[in-house]
Amino acid sequence: MPLIPEEPQIHESAQGPRATPASGRVAPTPRPVPGPRPAAPSRPGRPGPLRPTPPVQRTPRDVAAKPGPSDPAAPAASTAPQIQLVPATAEGALDAAEEAVDLLLESGRAPGDVLVITTGEPHPWAAHELSFGEAAYWAQHDAGDDVFYADAAVAERAAARPVVVVAVNGGSEAAAATALSLAHSRAGGLLIVCGDPQRINSALGAGV
């Protein structure tokens, strides 16, 4: 009979100064009544809440590292412009190019986004502007406010624009291939070629 009150007193006195603050926080006071249970609260108290947190921090790091290498692959796909072919004869290639420009402007393209290159006779606008001198002609190009028309012989001086329209309206096969290669390098997103499909395909294969 006297042993029963002495065991809880010794147990409480041994854990009184040590377990009272921890038991007040964790609130496991009714649990440590049996002998083997008091060792259990010490385990969750130390590493219990700390172990699940590091894996939560590691997973977002691994996820953030995955999209990194995929980003540089995206711009590589956008370097080559899209090519559209508009069948037309050499005599009607310039008119087809004009219709393509009108459709571009109606779809919302800014005039300064379009460059037109001719392989044969120059566009009337280019011939008119060149009559005032090359300085005034290239000043229109540098301003970038309107559609710019250039002959294939001088188109190398033209800067890149989002859309390039080529009118294969004459000239030699070599001239057409050179003009298409130049237009391909100047087109930022879209290259429209107006002319004979067989000649354009052969020129594209030789020049692009």
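Counting only protein chains, not ligands or nucleic acids, how are Val114, Val154 ordered by accessible area (probe 1.4 Å), most first?
Val154, Val114
Work the Kirkwood hydrodynamic radius out for region 93-155: mean of 1/r over every pair of different alpha-carbon atoms, inverted, in Å. Before the final figure, lay out each step's value.
Working: mean 1/r = 0.0829 Å⁻¹.
Roughly 12.1 Å, rounded to one decimal.
Decide, for region 73-208, between rounded, prolate and oblate: order the square roots of the alpha carbon gyration tensor eigenvalues as a ≥ b ≥ c, take rounded if a/c falls under 1.5, and otherwise choose prolate if a/b is larger than b/c, else oblate.
Here region 73-208 falls in the rounded category.
The values are calculated or read from the model by the stated rules, or taken from the named source; none is laboratory data. Just so it is clear, the structure is predicted and the values come from calculations on it, not from any experiment. Just so you know, the surface numbers come from the protein's heavy atoms only, side chains and all, with ligands and any DNA or RNA stripped out. Shrake-Rupley method; radii C 1.70, N 1.55, O 1.52, S 1.80 Å.
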